[in-house]
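Every number here is computed from the coordinates shown, using simple stated rules; none is lab data. Because the structure is predicted, anything quoted here is derived from the model rather than measured. Using ideal geometry, Cβ is built from the backbone for each residue, glycine included, and neighbour counts are taken over all protein chains shown.
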Amino acid sequence: MKIDFTTVWTILQRNLSFFIAGVKWTCLFAFVGTLIGFIIGVVVGGIRAVNIEHTDRPFVRFVKKVLLLITRFYVWVFRGTPMMVQAVFIYYLFKPVFQWNSHSAGMVVISLNTGAYMAEIIRSGIQSIDGGQLEACKSIGMSFFQSLVYVIMPQAIKNAFPSIGNEFVVNIKDTSVLNVIAITELYFQTVSIAGSNFKYIETYFITACVYLFLTTVATTVLNYVEKKLDVAENSNRKMIVESH
């Protein structure tokens, strides 16, 4: 069986507006979901990286334990269940409460799902930083929170940037599962188009090429940004060495 490229071109021409609309929603969900998920991940990952010290006051130890329990449960649930199941469950569970539409629910779902993965990425990034830096911060009078925000976290995010960028690429593809709650992203549009023309091979070939194009562009941009960050870091190190 072969692909009829004449049919591919005809389908693309006739349904270009639908494909464009699907791409817009796919990119919007991937970008916003990754951005909000990153913010959630920074908060949750920071909490999960906190150590319970024997010098902590009882109340502080209690708060830390409760927060660690909540964040562990959150990560466990959202990393351990498919996003498709999460989308259906959360959408219908909270629809009577929030009276929301599928797009609002989808944005919440992809953000929470991404946040769980981002949390582990950030936690690993924090734990990759030499513990001596935290001790140095304490020695100059900085609190743990100040050390985390101003010293540890920027380095952790820099180290974890490739994994953070990969989550964005993954989200471009994973938005397709949100069609289960009738979100009109690229895959949803593809199903509709293929269902009307019965040209499944050619229609899905177009969609596969579009997804490949989107992920390639995203990967290229992220690699460029990563190289720029490396250049800036090397430049700063060179300036420090020269100053000494």
Item to complete: Inspect all residues belonging to the range 38-47 and state whether any of them is part of a loop (DSSP other than H, G, I, E, B), of a type in the set (A, V, I, L, M, F, W, C) and either touching a residue at least 60 places away in the same chain (Cβ under 8 Å) or closer than 30 Å to VAL108 by Cα (or both).
Response: no
Worksheet item: Is it true that LEU28 is in contact (Cβ under 8 Å) with a residue 24 or more places away in the chain, surrounded by 13 or more Cβ atoms within 10 Å (Cβ to Cβ) and over 16 Å from TYR74 (Cβ atoms)?
Response: no
Item to complete: Output the residues belonging to the range 180-210 that are in contact (Cβ under 8 Å) with a residue 24 or more places away in the chain, surrounded by fewer than 18 Cβ atoms within 10 Å (Cβ to Cβ) and hydroxyl-bearing (Ser, Thr, Tyr).
Response: SER192
Item to complete: Restrict the check to the range 87-102 and report whether at least one residue is polar (S, T, N, Q), surrounded by 15 or more Cβ atoms within 10 Å (Cβ to Cβ) and within 18 Å of the chain's Cα centre (by Cα).
Response: no
Item to complete: Taking only the range 134-190 into account, find how many residues are within 19 Å of the chain's Cα centre (by Cα), β-branched (Val, Ile, Thr) and under 28 Å from TYR92 (Cα atoms).
Response: 6
Worksheet item: Name the pairs: first residue in the range 62-79 and under 17 Å from ASN51 (Cα atoms), second residue of a type in the set (Lys, Arg), Cβ to Cβ under 8 Å, at least 6 apart or on different chains?
Response: LEU68/ARG48; THR71/ARG48; ARG72/ARG48
Item to complete: Restrict the check to the range 126-149 and report whether at least one residue is within 16 Å of TRP25 (Cα to Cα), touching a residue at least 24 places away in the same chain (Cβ under 8 Å) and crowded, with 16+ Cβ neighbours inside 10 Å.
Response: no
Response to the item:
Looking across the range 48-61 at residues that are in a helix (DSSP H, G or I) and free of Cβ contacts under 8 Å to residues at least 12 places away in the same chain, the single one that is surrounded by the most Cβ atoms within 10 Å (Cβ to Cβ) is ARG61
